[in-house]
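Heads up: the structure comes next, in structure tokens.
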Amino acid sequence: MNEQEFWTKRYEEENTGWDIGYPSTPLKEYIDQLTDKTVSILVPGAGNGYEAEYLYKNGFKNVFIMDISKFPLHNFQQRNPDFPKPNLLQEDFFKHQGKYDLILEQTFFCSFVPTDENRSAYAKQMSNLLKDKGKLVGLWFDIPLTGDLEKRPFGGNKEIYLQYLSPYFKIKTFDKCYNSIKPRSGNELFGIFEKK
């Protein structure tokens, strides 16, 4: 089963434990302090895209939502019929080309099988997709990485993530998230990284 089939099956079976039904608090509070509504923003692996919906409804018109499965993009469009269709990207993140001021990460990193190859490719591609001084901002799970290659989300810790991100990014902040939603409290890191 390829990645597209895997994620589509999860949506079809409503096996979407990560979907909280609203923008996660840490990202919502980050968005709330953004002042330039003209910035181009990509939300990769967006699922049902609550953060992108929040951005769009708050006047950010240059928002792009990406998922490998068309299922959540269809859900998003049903909820947001005015959202521009060209900004809904059913694509493989690793093949996407574009340049953004900001990329919002909602534990997307933790969805990939945790091989060194995948994690290195993620960091490199995040850097490639950002403009000069662009930012990667979001949440990474701070949970043990087990040997089970079927059990998503895959874990990691600050040291592991920095090993992959440091070659491409300057760290503005990367610490235990203080405003996680209750079920994830203590299990998330919040980071702001600037492209080198």
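Brief remarks on what is shown
Residues are listed down the side, and each one gets a yes or a no for (1) closer than 18 Å to ILE31 by Cα; (2) within 18 Å of the chain's Cα centre (by Cα); (3) not aliphatic (A, V, I, L, M):
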site: GLY134; (1), (2), (3): yes, yes, yes
site: LEU139; (1), (2), (3): yes, yes, no
site: PRO167; (1), (2), (3): no, no, yes
site: CYS177; (1), (2), (3): yes, yes, yes
site: ILE181; (1), (2), (3): yes, yes, no
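- Residues within the stretch 118-132 that are modelled with pLDDT of 95 or more and either of a type in the set (D, E, K, R) or assigned to a loop (DSSP other than H, G, I, E, B) (or both), tallied: 3
- Qualifying residue in the stretch 79-90 (condition: modelled with pLDDT of 95 or more and closer than 19 Å to TYR161 by Cβ): no
- Search result, residues across the stretch 95-117 that are within 14 Å of the chain's Cα centre (by Cα) and at pLDDT below 95: GLU105, GLN106, THR107, PHE108, PHE109, CYS110, SER111, PHE112
- Flag if ASN62 is surrounded by fewer than 21 Cβ atoms within 10 Å (Cβ to Cβ) and within 18 Å of ILE192 (Cα to Cα): no
- Lone qualifier among GLU117, GLU91 - being under 21 Å from GLY155 (Cβ atoms) and surrounded by fewer than 19 Cβ atoms within 10 Å (Cβ to Cβ): GLU117
- Filter result (of a type in the set (Lys, Arg) and over 30 Å from ILE143 (Cα atoms)) within the stretch 65-109: ARG79, LYS85, LYS99
- The set of residues in the stretch 177-196 that are out of contact with any Asp or Glu (no Cβ under 7 Å at 6 or more places or on another chain) and charged (D, E, K, R) comprises LYS182, ARG184, GLU194, LYS196.
- Every residue from the stretch 163-191 that is among the hydrophobic types (A, V, I, L, M, F, W, C), at pLDDT 95 or above and surrounded by fewer than 16 Cβ atoms within 10 Å (Cβ to Cβ): ILE171
The values are calculated or read from the model by the stated rules, or taken from the named source; none is laboratory data. Since we're looking at a predicted model, the values are computed, not measured. Heads up, the Cβs are rebuilt from the backbone with ideal geometry, glycines too, and the neighbour counts pull from every protein chain shown.
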